[in-house]
Amino acid sequence: MRGWSDVFRKELKEFVRDKRVLYSAVLGPLVLEVFIILLFGYLSTSFTKDFAHKVVVENSRHAEPFLSAMVESKKFEIVELTPGMSAEEALAQKMGRLAISFPENFQELLEAGQSPEVRVTYDPNEETALISLAAVKEVYSSFASKYSIERMTELNIDARTLLPFVLVEDKLPVEKPFAGAWLVGFLPYLIVIWAFYGGFSIVGDLVAGEKERGSLETLLITPVSRQAIAFGKFCALGSVSLASCISALAGVLIMGVAPIPMTQRLFESGLSLSPASMFAIAVTIIPLVMFFAGILLAVSTFARNQREVQSYLSLLSFVVLIPAIFSQIIGYTDIAGKAWVNFIPILNSASVMRDALLNRVDWTSLGMTSAVSVVLAIGGLWLAVKLFTKEKVLMRV
Amino acid sequence: MITVEDLAKHFKDPKRGVVRAVDGVSFSTSPGEIFGLLGANGAGKTTLLRMLSTVIAPTSGRAEIHGHDVANEPDAVRKSIGFMSTTTALYSRLTPREMLKYMGKLYGIASSQLGARVEETIAMLEMEEFADRLCDKLSTGQKQRTSLARTILHDPPVLFFDEPTAGLDVLASKTIMEFIESCRDRNKTVVFSTHIMSEAERVCDRICVIHDGKIRAIGTLQELKQATGEERLERVFLALTEPTESAA
C-alpha cells in the first residue's frame, strides 16, 4: 500500500486550494447551520407570539368570571363582537379563529347555580380554529373544576370524594439533553446529510474528473498500486465529508453560545454533552462517513465523466435522504427503541446520535450500529477498489 | 530495451462485436534507439503503448520492458518507464515543483534525493521562471515542459511519447522534438508514436507502420522507401496502408 498517503496529501492540498470545495464543503455547512438556526429561531418566536389565540367574544361584559380565566391564561387575544354582527360573519371576516357567544344573563344564571349555554362557533376545516378550540376547552376544564370545588365546598361536600383518583406526576431523573427538543431531533439529520453531501463538491473530480482531464493515466503508470491510489482518494473524500460534519456542528455550537435572543429557545437546556455521548457520536459518525466515502468513490470511478457522476448522485441522494428524513420523527414513534432499527443503515446512526444528544448512550445499540456502519464502510471501500482495478471501468470515457 | 511478441488487445463492443485494437504485434528496440510508431488515428498506437505501460492488460502475447514482463512485473515495468502524451493534463492546483515532488514520491525516489532531483529537472528544462506558478496559469508550452519534466523525473531507461506534439505550436513542438532527439545520446530506449510524417522522418531510427492494429512494416526510413519504391514517407505510408483500405 505504498504511496496512499502521498495521494491522500496531494488530494487534500488540491481541495484546500479549491475555493469551490472550501465554500461548499467547509464554509457552506457552517453558514447554512447558522442560517437554519436563525430561521427556526425566528419561526419559533413568531409561532409563540402567534399563539395568542384570537377569539371573538359576544357579550363579553356579561362573561365574567370565565373571561377573566381566559385572560389570566395569557393565551388569548379577546376581540369584542361588533354589535349587529353575527359570529359567522365575524369569522368570515377573519376577526378571530373562533367565536364564543355568552348569553346576556350569563353571570346571573351562573350565580343561580344553573348551567348557561355558551356557544362556540368555529370552522371545523380550519386547523388554527381547532387548536384554539382545544385551548378554550383547557381553560374551561380548569374553570369547571375550580367552580365545582367551590360550589361543593359551599354545600359542605368534600370534593375529593367525587374524584376517582388523584393523578400525581413523577418525572424520571434524566440527564439534561444537549439542547432543546427541536435541535435534538434535527441535529442527527443534519450530521447524516453533511456526511453524505460534504463529499459532493469533490467526488466528481476525484476519479471521473481525472478520467476526463487525462491525468488518471499518469497516476496509473506510477509504481503505486491501484489499491493504494483508491485508498488515498477514499481517505481524502472521507476527510472532506468529516470536515463538513464538523463544520455543521461548529455552526450549531456557535449559535448555541451566541447571545441571540431569537435562537435561545432552541437551546433552552444549554449545551451539555457528556464524554460518553461525545464518544458515541464520534464512533457513529466516522464509519458512516467512511461508508459514504466508499460509495461516492465507487460512483466517481464507475462514471465516465463528472456529468455522469452528478446523474448517479441525484438518484443516490434519495436512498440517503429517506432514512435521514425518517430519523427526524423516529423520536415521536415507538420504533426508536426496536432492535431492528440498529440494522437499518443511516437510520441507525441517526437514532444513536439522537440518544447521545439526549445524553443517554445505549451501548448495545451503539455497538451494533457501529458494526453495521463499519461493515458497510468496508463494503463501500471494497467496491471502490474493485472498480478502480477494473480496466473496463477505469478506461471508459 | 523492449521486446514485444505477438501482443494483442481485443475489446468487446456491443455494436461492432470483437474489436481487434492491437492484433499480434511483435517488435524489439534497443537502448539509444528512437523507435517510431506511425499510424493514422485509431490504428492502435495508443492501445499498444497503454499495454506496454501496464495501464491495460494484453489479451494475449507478451512484452518485456527493460527485462521485466508487463503482465507479471507491472511495478518493475512502471519504475522503468516514462510516459508522455498531450492528452495528459497536469494538476491545475499544484505548481510544477509541487507536482514533480508528488510524482517523485510516487516513483519511490528517496526523500534525501528528491529535492535535488526536482531542482536538476527544473534546471534541465529551464522551468525556473514558472516552477512555482500554479499549473492552471501556465502557457501551453510551459505545461508541455512540465509534462516532460514529470516524464523524466525518475530518469527511466525507457520513454514512451504518445503524439507528444499534437495541438502544440511550432515552438513548443520544437522543444519536445529536440528533447526526444537528445534521448538517443543519453542511451534511452524511446518509443515515439505519431501520425505526423515529418516528425517520424526527422527523429526515428526505425519506423513501425501500424494500421488496423497490425504491423504493416518495420524498418529504417531508407528500408521502407526501398520496399515500397516511394521517395516521400507520406507516399510510403499510403503504399503500406492503402491495399487494406481498398480491399475493405
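The values are calculated or read from the model by the stated rules, or taken from the named source; none is laboratory data. The structure presented is a predicted model; accordingly, all values stated were derived computationally and were not measured. All Cβ positions, glycine included, derive from the backbone under ideal geometry; neighbour counts span all protein chains shown. To get the accessible areas, we keep the full protein, side chains included, count just its heavy atoms, and leave off ligands, DNA and RNA. Shrake-Rupley method; radii C 1.70, N 1.55, O 1.52, S 1.80 Å.
So, in region A:44-66, exactly how many residues are open to solvent by 80 Å² or more (accessible area, probe 1.4 Å) and over 22 Å from A:Lys94 (Cβ atoms)?
1
For region A:68-100, enumerate the residues that are open to solvent by less than 20 Å² (accessible area, probe 1.4 Å) and within 20 Å of A:Tyr147 (Cβ to Cβ).
Scanning region A:68-100 gives A:Met70, A:Ile100.
Contact list please: Cβ distance under 7 Å, first residue in region B:28-55 and over 14 Å from B:Arg206 (Cα atoms) and of a type outside the set (Gly, Ala, Ser), second residue open to solvent by 10 Å² or more (accessible area, probe 1.4 Å) and part of a helix (DSSP H, G or I), pairs at least six apart or on different chains.
B:Thr54/B:Pro74; B:Thr54/B:Arg78; B:Val55/A:Glu217
Considering only region A:343-397, how many residues are more than 18 Å from the chain's Cα centre (by Cα) and assigned to a helix (DSSP H, G or I)?
Counting residues in region A:343-397 that are more than 18 Å from the chain's Cα centre (by Cα) and assigned to a helix (DSSP H, G or I) gives 32.
Could you run through region B:58-80 and say how many residues are facing another protein chain (nearest Cβ under 7 Å) and open to solvent by less than 40 Å² (accessible area, probe 1.4 Å)?
Total meeting the criteria: 1.
Anything in region B:138-189 that is assigned to a loop (DSSP other than H, G, I, E, B) and among the hydroxyl-bearing types (Ser, Thr, Tyr)? List them, or say none.
Once the filter is applied, which keeps residues that are assigned to a loop (DSSP other than H, G, I, E, B) and among the hydroxyl-bearing types (Ser, Thr, Tyr), region B:138-189 yields B:Ser139, B:Thr165.
Determine whether B:Ala89 is over 13 Å from the mean Cα position of the chain (by Cα), under 18 Å from A:Val7 (Cβ atoms) and at the interface with chain A (Cβ under 7 Å from one of its Cβ atoms).
Yes, satisfied.
Of the residues A:Ile322, A:Ile285, which is of a type outside the set (D, E, K, R), within 30 Å of A:Met1 (Cα to Cα), assigned to a helix (DSSP H, G or I) and under 18 Å from the mean Cα position of the chain (by Cα)?
Exactly one residue qualifies, and that residue is A:Ile285.
If a residue has to be basic (Lys, Arg) and either touching a residue at least 40 places away in the same chain (Cβ under 8 Å) or assigned to a strand (DSSP E or B) (or both) to count, how many in region B:216-231 make the cut?
1
Can you tell me how many residues within region A:244-267 are open to solvent by 40 Å² or more (accessible area, probe 1.4 Å) and either closer than 22 Å to A:Ala371 by Cβ or more than 16 Å from the chain's Cα centre (by Cα) (or both)?
Total satisfying the criteria: 8.
Just to check your reading of the model, which residue among A:Val16, A:Val7 is within 12 Å of another protein chain (Cβ to nearest Cβ) and open to solvent by less than 70 Å² (accessible area, probe 1.4 Å)?
Being within 12 Å of another protein chain (Cβ to nearest Cβ) and open to solvent by less than 70 Å² (accessible area, probe 1.4 Å) holds for just one of A:Val16, A:Val7, which is A:Val7.
Do we find that A:Gly41 is at pLDDT 90 or above, buried (at least 19 other Cβ atoms within 10 Å of the Cβ) and either closer than 30 Å to A:Leu190 by Cα or over 20 Å from the mean Cα position of the chain (by Cα) (or both) in this structure?
The answer is no for A:Gly41.
For the condition in the same structural domain as A:Ser272 (by TED's automatic domain parsing) and open to solvent by less than 70 Å² (accessible area, probe 1.4 Å), what is the one hit in A:Leu387, A:Leu315?
Sole residue among the options that is in the same structural domain as A:Ser272 (by TED's automatic domain parsing) and open to solvent by less than 70 Å² (accessible area, probe 1.4 Å): A:Leu387.
Looking at B:Glu234, B:Glu201, B:Glu129 in this structure, which one is open to solvent by 60 Å² or more (accessible area, probe 1.4 Å), part of a helix (DSSP H, G or I) and within 22 Å of B:Thr29 (Cβ to Cβ)?
Within the list B:Glu234, B:Glu201, B:Glu129, the selection yields B:Glu201.
When A:His53 is evaluated against the numbered criteria (1) in contact with a Ser or Thr (Cβ under 8 Å, 6 or more places away or on another chain); (2) within 14 Å of chain B (Cβ to nearest Cβ), which criterion, by number, is the only one it fails?
All conditions are met except number (2).
Taking region B:92-126, which residues are in a loop (DSSP other than H, G, I, E, B), more than 7 Å from every other protein chain (Cβ to nearest Cβ) and either hydroxyl-bearing (Ser, Thr, Tyr) or open to solvent by 40 Å² or more (accessible area, probe 1.4 Å) (or both)?
Correct list: B:Ser92, B:Thr95, B:Ala110, B:Glu126.
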